[in-house]
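Everything below concerns the one structure shown next.
Just so it is clear, none of the values below were taken in a lab; they were calculated from the coordinates. Bear in mind that the values here come from a model prediction, so they are computed numbers and not experimental data. Cβ atoms come from the backbone with ideal geometry, glycine included; neighbour counts cover every protein chain shown.
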Amino acid sequence: MPRFPQVYIERLKHSVAELSAARDQELMQQQLKESLADEEEQRLRSILHRLFEFRVSRVTDKAKWGAILSDDFVLSLPITPYV
């Protein structure tokens, strides 16, 4: 049975180590992206929650609305005929 030269085996070990490191780096980046996406979703949910609370409570204080909405925000409600 032929034996592989030690240099070849060392090169294979080095390749495996590099590929493992690249995979680990990719996994870390993916987890970071998912974490940032989760944080952004939570932030948007919080803003929407406050928006609906203000709307239902009929808040008219512009400072409160200004804290969650930009000046050019427009809310258009559909006109739905109830027959």
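What are the residues in segment 7-64 that are among the β-branched types (Val, Ile, Thr) and under 30 Å from Ser76 (Cα atoms), if any? Talk me through it step by step, then tell me what you get.
Of the residues in segment 7-64, the ones among the β-branched types (Val, Ile, Thr) are 7, 9, 16, 47, 56, 59-60.
Within segment 7-64, Ile47, Val56, Val59, Thr60 meet the criteria.
Residues are listed down the side, and each one gets a yes or a no for (1) charged (D, E, K, R); (2) surrounded by 10 or more Cβ atoms within 10 Å (Cβ to Cβ); (3) assigned to a helix (DSSP H, G or I):
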| residue | (1), (2), (3) |
| --- | --- |
| Ala22 | no, yes, yes |
| Glu39 | yes, yes, yes |
| Leu44 | no, yes, yes |
| His49 | no, yes, yes |
| Leu77 | no, no, no |
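Of the numbered criteria (1) more than 21 Å from the chain's Cα centre (by Cα); (2) part of a helix (DSSP H, G or I), the one Pro81 fails is (2).
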